[in-house]
Structure formats: structure tokens, C-alpha cells
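Worksheet: the structure to be examined is printed underneath.
The values are calculated or read from the model by the stated rules, or taken from the named source; none is laboratory data. What you see is a predicted model, and the numbers here were worked out from it, not measured in a lab. When the accessible area is computed, the model is the full protein with side chains, heavy atoms only, and any ligands, DNA or RNA have been set aside. Shrake-Rupley method; radii C 1.70, N 1.55, O 1.52, S 1.80 Å.
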Amino acid sequence: MVVASQTCRKWHLLCEDSILWREKCYQDNITEEDVKVLRKTFKRNVSESENPWKHLFLTKRRVEYNWRHSDLKPAKILRGHDEHVVTCLQFHGNKIVSGSDDSTLKVWHASSGQCLQTLVGHTGGVWCSEFDGEVVVSGSTDRTLRVWDASLGRCVHVLQGHTSTVRCMAMHGKTVVSGSRDANLRIWDLNSGTCSGVLSGHVAAVRCVQFDGRKVVSGAYDYLVKVWDPDTFACLYTLQGHTNRVYSLQFDGKFIVSGSLDTYIRVWNAESGECVHTLAG
């Protein structure tokens, strides 16, 4: 179609038809939702005059071709934390944020491998982080969270309240939820740097947390998964079934998936709290 469009003006107009490209996209299982993902991933706004279906179809084809036929570039090694353990990684656009038990975080340029910023301020190892492209939030064994301007490398807020290591966090918009070895979760407003609420109910360290803006889901060493209302701070459900520490969570707004040291993965209905599947093997 691209070649045919170069034949003459009439053929060019026919080959630029949005409905035609939309059908080509549907045949390749490309939907309207993919346009949003493409814009978000590449931070590129398709102009009104451009055919978005054509752009999406050709972009997908180019990506597939590059994966299958382009030469592999040598891997870049990002050196900066010396011999210390890299405890957490975040990736957004063309930037990578690494956290380490050397008490620092580093912002890297993914293409060049250059270290753009070193974030210094924590007095203990960094164990978790979140990054939205502009703001970095980090949690540490020093019991604090820090909010950083990723471009300037400047600490904007120091969030204090936890009484033990900040072990996990989840960010949605300008709100972050942190989980700690003190068995509590805290909800923070990143604009003001204040704690808007405490979620208490676990009786052991909180190891993982998910937050979609409407519900908070936490997993802990007390073998439990809990679902919380971030507005009222109430525990909506306690999901019991695991027989060992809960180490990992995923949450898509409808289902919760939890992984545990008991070697099982459990799938839960987030609305009813019912365990719908237990995955073993």
C-alpha cells in the first residue's frame, strides 16, 4: 500500500484512507488502546492531520522487523554502584533509575549509558523505588522515603513516619503507598510531602504492595493478603490461604495474583475476596 500510494495522486488519496488502515490494524490485532500505549511509551503525539492507524500499523511492522532482522547491539554496562548490591530498578522512557544498598540512587540515560544524576541523602540502603519519568520516590533501611526531582537530582521531600525499613511501595499519580517492616502501610501525598493515612492490620512485615488509585493491596510475612480502601483507610478484605510469607503481588483492578514462599500462586477476585484459582507446579 505504501508503494502503491506513490503511483499517482489519486492512488495516494485512496491509500491514505483511514478506514483501510484501520482494517489492516484489526487484522493484525491492533486496537484503539494500542494508540494510547504507543503515545505513552514513545511520548509522541500523533498530529490530527496524520493517519493514526497507518502510523500505528507501520510502527508495529518496523518494530517487528527490527526484532527479527536488525543486528544486536552490544550490551551496555552501567557502572556506578561499585561492588554494592543493586536492590531495585525502574525504567521509564529513556531513563533508568537504580537503587543500591550503598544508600544512593542513580539516574541513567538508557541509550548512552551515561549517569545523569546521583541521588544522595539516605543514610541506609535503598530497598525500593518508583519513577514516573520526572519524580523518583525511594524507600530505605533508614525508615524514610525520599521524593526526588529526577532531572535536577534534588531531594524535594523527606517522608518520615515508619519505624522500620521501608520495604515496598506503589505509586499512582501523585500518591504513593509504602509498606514497611513495622507491619504498617502509609499513604503519602507527593505534592505536600505529608502522610494522609496509615493502614494498620498486618502483624508482620509488609513485603509487597499494589495500588491502582482505587484500592490498595498488600502482602506480608503474616501469610495474608489485604485489600484496603485508600480513602477511608479501612481493610475491605483479608485474603487467607497462603501457608507462608507472601512475597509478590500483581493487581489489575479486577484480579489479585499473589506469590508465596509456600510455592503456590493464588488468584483472587478483588471485588469479593474469593480465591478463584490456586496455581501449583
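Odds and ends about this structure:
- Scaled to the globular estimate 2.2 N^0.38 Å, the Cα spread of the chain, given as radius of gyration, is 1.22.
- Per residue, in Å², the accessible surface of the chain once ligands and nucleic acids are set aside, probe 1.4 Å: 56
- Stokes-Einstein diffusion coefficient of segment 186-268, Kirkwood radius over Cα pairs, 37 °C, 0.692 mPa s, in µm²/s: 253
- Intensity falloff of segment 73-221 expressed as log10 I(q)/I(0), Debye formula with alpha-carbon point scatterers, at q = 0.08, 0.10, 0.12, 0.13 Å⁻¹: -0.20, -0.32, -0.46, -0.53
- When each of 24/76; 24/174; 95/215; 73/254; 76/226; 95/254 is checked by Cα-Cα distance, pairs over 32 Å: 24/76; 24/174; 73/254; 76/226
- Among 166, 203, 63, residue whose mean-square fluctuation peaks in a GNM of the chain (springs only between Cα atoms under 10 Å): 63
- When segment 142-281 is reduced to its Cα atoms, the Kirkwood hydrodynamic radius in Å: 15.2
- Rounded to the nearest 10 degrees, the inclination of helix 18-27 to the longest alpha-carbon principal axis of the chain is 60 degrees.
- Both radii were evaluated on the Cα set of segment 88-176; the Rg over Rh quotient, with Rh as the Kirkwood radius, amounts to 0.94.
- In the chain, the DSSP-assigned H stretches of four residues or longer account for a calculated mean residue ellipticity at 222 nm of -5000 deg cm²/dmol, using -39500 (n - 2.57) per stretch and the full residue count as denominator.
- Solvent-accessible area, 1.4 Å probe, carbon plus sulfur percent, for segment 141-281: 46
- Where only C-alpha atoms are counted, convex hull volume of segment 61-136 per residue in Å³: 111
- The listed residues 254, 95 rank as 254, 95 when sorted by accessible area, largest first, using a 1.4 Å probe.
- For segment 65-76, 3J(HN,Hα) per residue [Karplus equation, 6.51 cos²θ - 1.76 cosθ + 1.60, θ = phi - 60°, Hz, x = Gly/Pro]: 5, 4, 5, 8, 10, 6, 5, 6, 7, x, 5, 9
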